[in-house]
Amino acid sequence: MKSLAYAASDTTVLAKRSLLRIRRQPDLLVGFTIQPVMFVLLFVYVFGGAIETPGLDYVDFLMPGIIVQSMVFGGFVTALGLAEDLKKGLIDRFRSLPMWGPAVLTGRILADVGTNVIQLVVMLTVGILVGFRFATGIPEIVAGVALLLLIGYAFSWVFAFIGLTASSPEASNAYGFTILFPVTFVSSAFVPPETMPDWLRPVAEHNPFTTMVDAERALFLGTPAGNDVWGAVAWCFAIIAVFGALSVWRYRRAVTR
Amino acid sequence: MAGGDVAIEARSLRKSYGDVHALRGVDLDVPSGTVFGLLGPNGAGKTTAVRILTTLIEPDDGSARVAGFDVVGEPAQLRERIGLAGQYAAVDENLSGFENLELVGRLYHLGRQPSRARARELLHDFGLEDAAERLVRTYSGGMRRRLDLAAALVARPPILFLDEPTTGLDLRSRIALWEAIEALVGQGTTVLLTTQYLDEADRLADRIAVIDHGMVIAEGSPEELKGQVGGERLEIRLADGGSRDLAIGALRPISEDEPACENGLLRVPLLTMRGAIADAVRRLDEAGVGIDDIAVRRPTLDDVFLKLTGHAAEPEAEEEPEEAARR
Ligand SMILES: Nc1ncnc2c1ncn2[C@@H]1O[C@H](COP(=O)(O)OP(=O)(O)OP(=O)(O)O)[C@@H](O)[C@H]1O
Ligand SMILES: [Mg+2]
């Protein structure tokens, strides 16, 4: 019982620390607000006219995809933070304290959920300003928002693992973007997979990212859902289970570089 | 803990990284309330030993108990009784000094108010009050070190591990830190500190283990170790053209052993310290040998080191090939 209380208090204490850091380094905010907004504007006004999305306005097609993408990348702060903690020796200090060890990870990830909420508000506001409209009822929209936060949470664990594995904060950034970025593009997020070449289309269609984006489209726009919503939830839990276990394992053996 | 208890006890600790043998069977015994110095050059295995004793890594072989708890089997209880200031200051750059200490207090589960009170107290003790609200990224190296040491003391741990606490500090900060450590020891804290500085071990430690290539090559009080290299000696630099042989002849009566001469520097092991300089100057004068400089030199742990390892405890002199290839 006592250990459960410690787990909760250690997590919140460390989440507060992560959030303070974002306030102290406001340039980090650029990464997870201005950047996705730039993407929205670029896609809507530059590429949008050239992309056919039968049955949907491009801006409606785009917003669920681009919001999922920004949720996925919101976790990069966790990778960066953990890689820095390792480099600066803070992980050694934490590991020598009688605290609940995984709080170093869960604290950061809880902070990520907070930043994801901010990000979501910014993205939806910008989306509505450029013409995005929900086509479903409140329950679906709420479910869609909850799924977005779950996606953000799941990918925070991926970034936690990256941060603990990369050899430096810079490398963790590079890993995150060079591996995950193409994955988000070879999906239904920005263009319908039917327009891709034959060899690439199956990749896009089986990409879990496509499942997540299609699930959000179903919840926000009422497109046929198929199994996408449950598929997306299942993918999230699978990612949390695998990367949660991997990250805790890495943390326990983490040695300051 | 009552006096006479063993605070830290290690038995044949071994640890390898690939084919680098960081520790090759290390035994340590540190009685409660004493200061133990782990002295060794770069790559000797000091940090590895501290990491094992503070539960950060597990030994490949051997065992250790700290405050009576096994480092592998009972890490949680052990961590409640130790404080660690690692080799590199482990402080959060994006928090203020106060927030750093408060964070550590909260993670020791002291509670919010006690954590804050303790943070204020430590900032005062370490002369960081004026910088308390400033972000640590604006701190100087010495200020970070002090904050790091303060962080290790937040929970008033009975056993303190300090890995090269004064490396990179100027003389004034070093002395201030020594005084802080001495004050803690006065209150009964057990300290294990590693250092490359012989004067530091000499000043602070009750007992010293000299470690090199992962093995303890000598152990004892600073006095015992110095005893191994003999007593005081006179060092005399002869003036140009001063005759070596004449000088040696003149000084033989006050020398315990045959005086040695190397590169114009004459070393005379003294029978007695009393009046030695005046006596030597008079004798050399009578023999007509001019001198540039004369001084009594007490043996330092440098001499111990040189004698035990065949190389000086120069940090840079001991760069090992595997050390260079490590990253
Ligand atoms: N994580 C690691 N991976 C590989 N080799 C390591 C690792 N940590 C230490 N070593 C090696 O183990 C040996 C002992 O290292 P250690 O850090 O304990 O030395 P030290 O006495 O603390 O040296 P210094 O005075 O430079 O801090 C060195 O040869 C070092 O290269
Ligand atoms: Mg070291």
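The values are calculated or read from the model by the stated rules, or taken from the named source; none is laboratory data. The model shown is predicted, which means the values in this text are computed figures rather than measured ones. Glycine gets a Cβ as well: all are built from the backbone with ideal geometry, and neighbour counts include every protein chain shown. Please note that ligands, DNA and RNA were not included when accessible areas were found on the heavy atoms of the full protein model with its side chains. Shrake-Rupley method; radii C 1.70, N 1.55, O 1.52, S 1.80 Å.
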Task: Within region B:77-116, considering residues that are out of contact with any strand residue (DSSP E or B) (no Cβ under 7 Å at 6 or more places or on another chain) and of a type in the set (Gly, Ala, Ser), the one farthest from the other protein chains (Cβ to nearest Cβ) - done: B:Gly97
Open item on the list: Quick check on my filter: what residues within region B:281-300 are out of contact with any strand residue (DSSP E or B) (no Cβ under 8 Å at 6 or more places or on another chain) and open to solvent by 50 Å² or more (accessible area, probe 1.4 Å)?
Closed with: B:Arg282, B:Arg283, B:Asp285, B:Glu286, B:Gly288, B:Arg298
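Residue by residue, here is whether (1) in a helix (DSSP H, G or I); (2) away from ligand 2 (no atom under 16 Å from the Cβ); (3) open to solvent by 30 Å² or more (accessible area, probe 1.4 Å) holds:
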residue	(1), (2), (3)
B:Ala44	no, no, no
B:Thr48	yes, no, no
B:Leu56	no, no, no
B:Asn94	no, yes, no
B:Leu101	yes, yes, no
B:Arg106	yes, yes, yes
B:His109	no, yes, yes
- [ ] Among the residues of region B:58-70, write down those that are open to solvent by less than 10 Å² (accessible area, probe 1.4 Å) and within 16 Å of ligand 1 (Cβ to nearest atom).
- [x] B:Ala64
Task: Lone unmet requirement of (1) among the hydroxyl-bearing types (Ser, Thr, Tyr); (2) away from chain A (no Cβ under 14 Å); (3) part of a helix (DSSP H, G or I) for B:Ser63 - done: (3)
Open item on the list: What are the pairs with Cβ atoms under 6 angstrom where one residue, in region A:192-204, is open to solvent by 20 Å² or more (accessible area, probe 1.4 Å) and the other, located anywhere, is outside any helix (DSSP H, G or I) and at pLDDT below 90? Sequence gap at least six, or different chains.
Closed with: A:Val203/A:Val186
- [ ] From A:Ile151, A:Ile141, grab the single residue that is over 30 Å from A:Lys2 (Cβ atoms) and either open to solvent by less than 10 Å² (accessible area, probe 1.4 Å) or at pLDDT below 90 (or both).
- [x] A:Ile151
Open item on the list: Tell me yes or no: at least one residue of region A:46-57 is touching a Ser or Thr at 6+ places or on another chain (Cβ under 6 Å), more than 13 Å from chain B (Cβ to nearest Cβ), open to solvent by less than 30 Å² (accessible area, probe 1.4 Å) and part of a helix (DSSP H, G or I).
Closed with: no
Open item on the list: As an exercise: evaluate B:Gly73 against (1) within 14 Å of chain A (Cβ to nearest Cβ); (2) in a loop (DSSP other than H, G, I, E, B) and give the number of the one condition it does not meet.
Closed with: (1)
Task: Residue count, region A:12-45 (criterion: open to solvent by 40 Å² or more (accessible area, probe 1.4 Å) and aliphatic (A, V, I, L, M)) - done: 7
Open item on the list: Among the residues in region B:126-134, are any open to solvent by 20 Å² or more (accessible area, probe 1.4 Å), in contact with a strand residue (DSSP E or B) (Cβ under 8 Å, 6 or more places away or on another chain), farther than 25 Å from B:Thr194 by Cα and within 14 Å of chain A (Cβ to nearest Cβ)?
Closed with: yes
Task: Unique residue being under 29 Å from B:Lys226 (Cα atoms), open to solvent by 10 Å² or more (accessible area, probe 1.4 Å) and within 16 Å of ligand 1 (Cβ to nearest atom) when the list is B:Gly25, B:Gly40, B:Gly18 - done: B:Gly25
Task: Every residue from region A:24-45 that is assigned to a helix (DSSP H, G or I) and facing chain B (nearest Cβ under 9 Å) - done: A:Arg24
